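First up is the structure itself, then whatever we jot down about it.
The values are calculated or read from the model by the stated rules, or taken from the named source; none is laboratory data. Every value quoted in this text rests on a predicted model; they were computed, and no experiment measured them. Here the Cβ positions follow ideal geometry from the backbone for every residue, glycine too, while neighbour counts run over all protein chains shown.
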Amino acid sequence: MIPFKNFAKNGKAPLHIFEDVSLFEGASKNIDDMDVEFLKRAENVTTFNLKEGDFQSLDYKAEIQYLYKKNFFPNFDLDNTISGDITIAKVQKAIGLLERENRSNYLKMFDFEPGGTGPGEVVMYFLCDDAVLGGASSAGVDLEIGSKKYEIKACQVTKDKKFAYGFKLGATFATADIETKALSLAKDVGLAKPSEINKGTIAKIRTKFPGEWEKIEKQFIKRAYDNYFKNHDILFMHAGAGKKNPGKNRGKAVAIKKIKQSDIGLERYTSRTFKPIVRIAR
C-alpha cells in the first residue's frame, strides 16, 4: 500500500485527490494511511469500480466513505455516520441527510449491487462505521455489525404501514411438497395451467378448500420461520415502484424487526417461490 503522503512526495498523486482534503474531517482513517492504489482503481466520477469483496471487510471502509462523500455527498458530515449497532431512528435520520443533499445520487447508491449484493446494502455499508456485507455466499446474512447479523429486504409496504410484502426469502429451504399441493388446489378452483397463485386465487381456494389451504399456510410459515426469520433481524427498505420509476419512497428505511412466527403470512406464489407478508408494526 502506498500512503497518500509518500504518493504526493513522489509526484504521482492526482491533483483532485488533494483538492478535497477537508472532506476527511470525521473519517475513520487518517488521510496519510489511506491506500491510493485502491482509490485510483475505485474512483470514476459518478460510478466506482468497486467489487463485492471490497465491502466484505473494514479494510477499505474509509476509502469507500471518502469516494461517496467526495463525489456524491460533499456536504455530508461523516460525523453523522453510525457507530456501533443500528436503530431504525438512526438509519432514517442518516438516510434523510443523504436524500436531502442529493436524492438522485442516493438512489444510485441504493441501487448499486456489486456481485451478489442487493438494494440498500451499499448504503448501509457507507453509513455504518462498523458494518461489513455478507455477500452472495453468506446465505441469509446481508449485513454484519460486530456479532449482530441482519438481512436487508427491499419490499412493498401496505398503506397502513403495518405489513411488508413483495420480497423473496434469501435462505434456501424445501417447499416443493407444499408447492405441489398449492398448485393442485389452484387448478381445482379453475386455473387451467397454474404456475402462479395471486391473492385472488388464494381467496377462491380459501372459500372452497379452507382446511387444505390453512395446512399449506401453516407449513410454509413454520419453515420460513425456522429456516430464515428466527436467525436474524430484518431491515426493511421500501422498494417503491422499482428502479425506473422509484417514486418518493424507494430507498427509505421502514423498520428493523425480529420477526416472530405469528407475524408471518403467505402472500402469494410467483416465479416458482412462495412470498411472505409480515407484520412490521402494530
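It is to be established whether one or more residues within region 255-266 are at pLDDT 95 or above, surrounded by 20 or more Cβ atoms within 10 Å (Cβ to Cβ) and more than 21 Å from the chain's Cα centre (by Cα). Within region 255-266 (the criterion being at pLDDT 95 or above, surrounded by 20 or more Cβ atoms within 10 Å (Cβ to Cβ) and more than 21 Å from the chain's Cα centre (by Cα)), the answer is yes, since at least one residue qualifies. Residue check: TYR228 meets all listed conditions (1) crowded, with 17+ Cβ neighbours inside 10 Å; (2) farther than 24 Å from LYS161 by Cα but one, namely (2). Among the residues of region 167-190, the ones that are assigned to a loop (DSSP other than H, G, I, E, B), of a type in the set (Gly, Ala, Ser) and farther than 30 Å from ASP142 by Cα come to 1 in all.
Scan region 191-248 for residues that are assigned to a loop (DSSP other than H, G, I, E, B), without any contact (Cβ under 8 Å) to a residue 12 or more places away in the chain and on the phi < 0 side of the Ramachandran plot and jot them down. Listed by number, the residues that qualify are LEU191, ALA192, LYS193, PRO194, ALA241, LYS244, ASN245, LYS248. Only one of the numbered conditions (1) under 23 Å from LYS149 (Cβ atoms); (2) in contact (Cβ under 8 Å) with a residue 40 or more places away in the chain is violated by ASP79, and that is (1).
Give region 151-162 a look and list any residue that's more than 23 Å from LYS243 (Cβ to Cβ) and touching a residue at least 60 places away in the same chain (Cβ under 8 Å), or say none.
Residue satisfying the conditions is LYS162 alone.
Listed by position, the helices (runs of 4 or more DSSP H) contained in region 41-129 that have at least 3 residues being modelled with pLDDT under 95 and either hydrophobic (A, V, I, L, M, F, W, C) or surrounded by 14 or more Cβ atoms within 10 Å (Cβ to Cβ) (or both) are 61-71.
Just one of the numbered conditions (1) in contact (Cβ under 8 Å) with a residue 24 or more places away in the chain; (2) under 19 Å from LYS244 (Cα atoms) is not true of GLU113: (1).
Confirm whether ILE64 is among the aliphatic types (A, V, I, L, M), in contact with an Asp or Glu (Cβ under 9 Å, 6 or more places away or on another chain) and within 19 Å of PHE110 (Cβ to Cβ).
Yes; evaluated as a whole, the condition is true for this residue.
Of the candidates THR172, THR180, the single residue that is without any contact (Cβ under 8 Å) to a residue 12 or more places away in the chain, of a type in the set (Val, Ile, Thr) and loosely packed, with under 13 Cβ neighbours inside 10 Å is THR180. Look at LYS153 and say whether it is in a strand (DSSP E or B), surrounded by 17 or more Cβ atoms within 10 Å (Cβ to Cβ) and among the basic types (Lys, Arg). Criteria met by LYS153. Scan region 249-282 for residues that are part of a loop (DSSP other than H, G, I, E, B) and not polar (S, T, N, Q) and the total you get is 10.
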